[in-house]
Structures are given as C-alpha cells and as structure tokens.
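Data block below; observations after.
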Amino acid sequence: DKTGIFYSLINNTLGKQFFLARPRRFGKSLLVSTFKSLFEGKRHLFKGLAIDSLDYDWKEYPVLHLDMGSTQAPSVDEFREKIFDMLLNQSEGLDVEPSKIPSIFLSRICDALAKKSPHGQFVMLVDEYDKPLLGVLNTPEVIKFRDELKAFYSVIKTKEALQRFTFITGISKFSKVSIFSDLNNLTDISADEEFSEILGYTHEELRKYFIEHIEVLGKKLNLSAEKTFDEILKWYDGYRFHHSAEPVINPVSTGLCLNKKEFKTYWSSTAVPTFLVDLLKQRPINLQLIGIDESILDAYEPTAINPITLLYQTGYLTITGFRQRGTQRSYSLDFPNMEVRNS
C-alpha cells in the first residue's frame, strides 16, 4: 500500500505536476494506472488502503493517459503515425478535429477534456515518456526524435492551467536543454527522500505482505524464514534513490522468485536495454566509482551520453555513499545486489 506515500502529491500541498524516473520493471506503469483509477473516482478499489481514511475529496476528472511505450518507432515519420493513432483513440467521444501535427492534436484534446470536466480541469498521465527516444540513442535519428518530443511535450506546459494533476514517468531524465527545457513547471521527485520508497518493496513491507510466500520458499530450499529473507535481500535488495533513504527491493524479481521458488537473475532476463549495451561496447568504464558529482546522476543530453548517468538511471548502479564539502556533493556508486552484479 503506497497510497500514504503519494497522498502529498495529490492533495495540492506540493504542487500538481510531477516527474518520476525509476528503472524498468519497478512498477511505474502500475503507479500510473493507480492514479488513473484514483482520479476517475473508483474509491471501491482503494477500500482498506491508507488513502481511504485520509482527507481526500474523490472528485472525478477526465483522465488523459498517454502510454508512450506504444509509440516507439525507428523513424520520426513512423513515430508520428503511432502518435496520431494513439491520440485518435484518446479523442474518441470528444468534439476534436484530428491533426497530423502531434502537438496541435494533443492541444485540442486537452481543451476538449477540460471543457467536458465539471471542474474545468482534467488529469494528464504520461507513462514511459522517454521510450521513443531511448530506442534511437546512438543513431542519427536521435536529434529528430528529441526535437519532435520537445514540441509534443511543450503542450503540457502551455495547458498547465487546465490540469488538475500531471504525472510523468520514465527511465531517464534528459537535460534541461533537451526535452525538459519547456517542462520547467514539473517537480522532479526522483531523488526526493520523501518518495524514495514510492516504488519497490521495503524490508518492512516484504515481511508484512509476503511472509507466507517466504516460508514456502524457505521450505523448498531447506532454509528458515529468516535465512530466506536474508537471501532475498542479498539477491534483489539495495536500490537507493536518496543517500539517506532505506534501500528498496526489486519488486518484479522478488515476485518471480517467490512464484517460481528459486533464486535467478530475473530482472536482467526480462530485457537488457540494447542502447545501454551498445554504449558500453563503445565506451567501457571502470566501475570503481567514487566521488561522482551529483550533476552526473541528475540528467543527460541524448546527443552526449555519460555512461555512468545511464547506468545509474537504468538501475545497474545505485548510491552506496555520500559526501558533502561546502556546496560540493559527491556520491559513491556500486551494483545494488547480486542479481545485477551477475547480469
């Protein structure tokens, strides 16, 4: 139950437009769909969860849910066609004139949704915002995609007044001179200690919600429940998204381990990002990473990729140490766990 953690995002105390970067298979899409159900007023789905007893108004809003993972394409022209089809589907039932220019079509949909809403606002959810660009990193197409996405996402800023809540997720955070140059209205919560546990399992959550499964796994491996718990931590724990935060456990690997009842490298086998492998073949790096400047972990430019930034943002490296001297903040990085080290 993460609803108590994200309550401050939806009650207008911290703003209303947010960005969260996390590694793949960490539950970003599930969080987006949770927000969708929440703002559609489906309170019955939240019965017994923390949000159900908090001071939340449960007003219903039209929700624009853009799954950008479905628009990945090898060329900008094909990307535009997929965006058009996605927006055409989203505009169904609205009085909107389609346009082959993605930003114009999106802008018209925003106006129509706000007009349809009894509150004069709608909710915008963008999942895998960076997927189209990640697919063309290290190719000549990357600049065309960057410019196309920049124009498309600029609508989020221009239609800000019409949005009750905006939430954007992805694996990477691109630099402010790139896609994010027009999205300076977004509050980036990716490295906030308050939201460091919004995705992934804490040790306490693992004990609370999965103890029966842990005992079953332990019996199969002839281990006590405590030894089994320690083994799960060794394999799948260790992800830190803030230097003072408790580590979180990889949710998909834990689920597969408990389901299949054996320890394996599940996360990496679900798909290693090809852009990352290609980059490391070109630019091998020494993984003894100490004294990494904070700016390197924050963002990167698609045309000038730092492998360390990419390894951190994709979850292959995590924060293991922190040091501050005056205004300079630096980090030590390492593999989060045995699964990642093996992969």
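The values are calculated or read from the model by the stated rules, or taken from the named source; none is laboratory data. Here the structure is a predicted model, which means the values were calculated and not measured. Here Cβ is always computed from backbone atoms with ideal geometry, including for glycine, and neighbour counts include all displayed protein chains. Calculation scope for accessible area: heavy atoms of the full protein, side chains included, ligands and nucleic acids excluded. Shrake-Rupley method; radii C 1.70, N 1.55, O 1.52, S 1.80 Å.
Below, the figures for the structure above:
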read-out: Residue among 184, 222, 138 that is surrounded by fewer than 18 Cβ atoms within 10 Å (Cβ to Cβ) and touching a Leu at 6+ places or on another chain (Cβ under 7 Å); value: 138
read-out: Residue in the range 269-279 that is hydroxyl-bearing (Ser, Thr, Tyr), under 23 Å from the mean Cα position of the chain (by Cα), under 30 Å from residue 147 (Cβ atoms) and open to solvent by less than 70 Å² (accessible area, probe 1.4 Å) present; value: no
read-out: Some residue of the range 256-269 being assigned to a helix (DSSP H, G or I) and basic (Lys, Arg); value: yes
read-out: Residue 292 being farther than 24 Å from residue 205 by Cβ, open to solvent by less than 20 Å² (accessible area, probe 1.4 Å) and more than 22 Å from the chain's Cα centre (by Cα); value: yes
read-out: Matching entry among 207, 164 (being open to solvent by less than 60 Å² (accessible area, probe 1.4 Å) and either at pLDDT 95 or above or under 16 Å from the mean Cα position of the chain (by Cα) (or both)); value: 164
read-out: Out of 232, 198, 214, sole residue that is among the aliphatic types (A, V, I, L, M), touching a helix residue (DSSP H, G or I) at 6+ places or on another chain (Cβ under 8 Å), surrounded by 13 or more Cβ atoms within 10 Å (Cβ to Cβ) and assigned to a loop (DSSP other than H, G, I, E, B); value: 198
read-out: Residues within the range 101-128 that are within 28 Å of residue 172 (Cβ to Cβ) and open to solvent by 20 Å² or more (accessible area, probe 1.4 Å), tallied; value: 5
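Results for (1) free of Cβ contacts under 8 Å to residues at least 12 places away in the same chain; (2) assigned to a loop (DSSP other than H, G, I, E, B); (3) within 20 Å of residue 36 (Cβ to Cβ); (4) of a type in the set (D, E, K, R), shown as yes or no for each residue.
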position	(1), (2), (3), (4)
123	no, no, yes, no
126	no, no, yes, no
133	no, no, no, no
143	no, no, no, no
148	no, no, no, yes
154	no, no, no, no
157	no, no, no, yes
